[in-house]
1. Select from the range 188-229 the residues that are among the aromatic types (Phe, Trp, Tyr) and more than 20 Å from residue 245 (Cβ to Cβ) and write down the one among them that is modelled with the lowest pLDDT.
2. What are the pairs with Cβ atoms under 8 angstrom where one residue, in the range 332-354, is within 14 Å of residue 142 (Cβ to Cβ) and polar (S, T, N, Q) and the other, located anywhere, is assigned to a loop (DSSP other than H, G, I, E, B) and open to solvent by less than 90 Å² (accessible area, probe 1.4 Å)? Sequence gap at least six, or different chains.
3. What do you reckon, is residue 43 among the hydrophobic types (A, V, I, L, M, F, W, C), out of contact with any Lys or Arg (no Cβ under 7 Å at 6 or more places or on another chain), open to solvent by less than 20 Å² (accessible area, probe 1.4 Å) and farther than 30 Å from residue 230 by Cβ?
4. What tally of residues in the range 250-269 results from selecting those that are β-branched (Val, Ile, Thr) and under 11 Å from the mean Cα position of the chain (by Cα)?
5. Only residues in the range 117-142 that are at pLDDT below 95 count as the first member; pair them with residues that are open to solvent by 30 Å² or more (accessible area, probe 1.4 Å), Cβ under 6 angstrom, at least 6 apart or cross-chain, and list the lot.
6. Select, from 293, 238, the only residue that is within 21 Å of residue 28 (Cα to Cα) and open to solvent by 10 Å² or more (accessible area, probe 1.4 Å).
7. Scan the strands (runs of 3 or more DSSP E) fully inside the range 24-88 and keep the ones with 3 or more residues being touching a Gly at 6+ places or on another chain (Cβ under 6 Å).
8. Restricted to the range 180-196, and to residues that are touching a Ser or Thr at 6+ places or on another chain (Cβ under 9 Å) and part of a helix (DSSP H, G or I), which residue is least open to solvent (accessible area, probe 1.4 Å)?
Amino acid sequence: MNSSLLPEDFEQQWAALSLLAAPNVFMCPAALRAVWGLDFARLKVFCAWLEGHSTRRLIGFWALQRASLTPVGPAFLSAPPYSYAFVSSPVLDREHVDLAMNRILDNIELDERLPKVMRLRYLDGDCPSYTALVRALHERGARMFKVSQHERPVVTRQGALQKSSGATRKKLRQKWRRLTALGNVEVLDERAPAAVQKAFEIFLQMEHAGWKGSAGTSLLSDVRDAAFARRLIAELSQQACASVALLTLNHNPVAAQVLLRCGSVAYTWKTAFDAEYRALSPGALLVDKITEQIFASETIESIESCSPEGSFMNHLWHERRSTVEMVVHLGARYSIDYTAVSVGARSYAQLRDLRDKLRAMAPSMLKGRGASIADGG
C-alpha cells in the first residue's frame, strides 16, 4: 500500500487514535511518508475501523513490510516496518484493543495476495497490544513461535526520581565536574525544524567520525540510509516529533542525542560523541541531563531507550520493559514457509546472543571503538 491509498482524513484519524492508544512514533504518518518518499521499504499498512451510522473512526493501525529470506523466498510480513524503527507494536485504541487487533489480522488473513507468515521483532511485551495480539492468535488457532524475549531500559517520570546506583551517579557527577572545568558547558535542544535539521547534520558528522564510521555502520556510510534518516528527521521535525540535543563545550558540540517524540513518550533514537572526550562519557552525560530537562519542561511521561539489545543506558535507567520476537503463521496447518522463517529467526537470535556474550566476556576488545558502557555512545 502507498500513501495515496490512505483515506484523505487519515492524519486527523491518526491524531485522534494516538490520544487513545499506547503511542509508537515509528508508526506515525510523518515517519511513513519518509519511507514512501524514498521507497525505503515495501510497506504494508493495515487499519481497523469502528463504523457508525454516518462516520467511521480509526481504532487500530499497524505498519509491516513485505520481506523474504532470499531473493526467491519464502516471503513473509516483517516487523519493524523499516530499518531504524526500534518499536514495532501496533497502535490500538485502549477501549477496543481486541476488536482492533482482530480486524487487522482479518485484513491480513483474508487478502490472498499477502503472505500468512509474520516475523515480528521489537514488539513491546508489556504493551496491551501485545497481549491482544497473542490472545487473537490463540483464538484463531494460529501457530506461534517465540524466538526471544529481552529487557530494554526505559525511564518514567516517577522512576526518574529514583536515581540509579550510587556508584553510577557518583561517576557521572565526577565526569560532569571534569567537563565543566574545561570551559562553558551547555545542553541545547532546539525544536524549530530548521534548527533540528542543522543539529542532525552535526550528529551525522560526529557519528561518522567515530567508531561507527570506521566500522562502516554509521548512517553516512550508506548513501540510501543517510538520505532516509535525513528525510525521516525532516518529516518528524515538521510535526514537532524530532529534535537533536547537543552537549557543547565552549560552543563546540561534544555529544549529540537524536530524540523522537509521540504523545507522552520520547525516544532516544541515536547518539554520538566526540572521541576526543571519550574518557568523560559525554554521551551518557547528555542523556542524563536531557532526561532531567524533558521531565522538567515537557508533558512526556516516559522515555524509550530504543535499545532492545542493551546499551550504556542499562546503567543510567533502572526501569525495564520486555522486547519480544516471534514468528507467526495465520493458520493452524503446517507451512514450510513458517518452518523456514522460524529456523532462520532462531539461528539469527542464537548468533546475536553469542555475540553479546563475547562482548560481555571481553570488554577490553571493544575499548577504543566507543562501545563500552562508560563511553555513552
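The values are calculated or read from the model by the stated rules, or taken from the named source; none is laboratory data. Since we're looking at a predicted model, the values are computed, not measured. Here the Cβ positions follow ideal geometry from the backbone for every residue, glycine too, while neighbour counts run over all protein chains shown. Calculation scope for accessible area: heavy atoms of the full protein, side chains included, ligands and nucleic acids excluded. Shrake-Rupley method; radii C 1.70, N 1.55, O 1.52, S 1.80 Å.
1. Going residue by residue through the range 188-229, those that are among the aromatic types (Phe, Trp, Tyr) are 200, 203, 211, 228.
When the remaining residues are screened for being more than 20 Å from residue 245 (Cβ to Cβ), the result is 211, 228.
Working: 211: 92, 228: 98.
Of everything passing the filter in the range 188-229, 211 is modelled with the lowest pLDDT.
2. Matching pairs, first to second residue: 335/116.
3. Numbers: among the hydrophobic types (A, V, I, L, M, F, W, C): yes; out of contact with any Lys or Arg (no Cβ under 7 Å at 6 or more places or on another chain): yes; open to solvent by less than 20 Å² (accessible area, probe 1.4 Å): yes; farther than 30 Å from residue 230 by Cβ: no.
No, not satisfied.
4. So the first thing to find is which residues in the range 250-269 are β-branched (Val, Ile, Thr), and the list is 254, 258, 265, 268.
Filter once more, keeping what is under 11 Å from the mean Cα position of the chain (by Cα): 268.
Count: 1.
5. Short answer, once both residue conditions are applied: 141/332.
6. Working: 293 fails: within 21 Å of residue 28 (Cα to Cα).
Testing whether each residue is within 21 Å of residue 28 (Cα to Cα) and open to solvent by 10 Å² or more (accessible area, probe 1.4 Å) leaves just 238.
7. Working: elements: 43-51, 56-68, 75-79.
Of the strands (runs of 3 or more DSSP E) lying wholly inside the range 24-88, none has at least 3 residues that are touching a Gly at 6+ places or on another chain (Cβ under 6 Å).
8. Here is the first cut: in the range 180-196, the ones touching a Ser or Thr at 6+ places or on another chain (Cβ under 9 Å) are 184-196.
Pick out the ones that are also part of a helix (DSSP H, G or I) and you get 193-196.
Details: 193: 43, 194: 79, 195: 27, 196: 0 Å².
This residue is 196.
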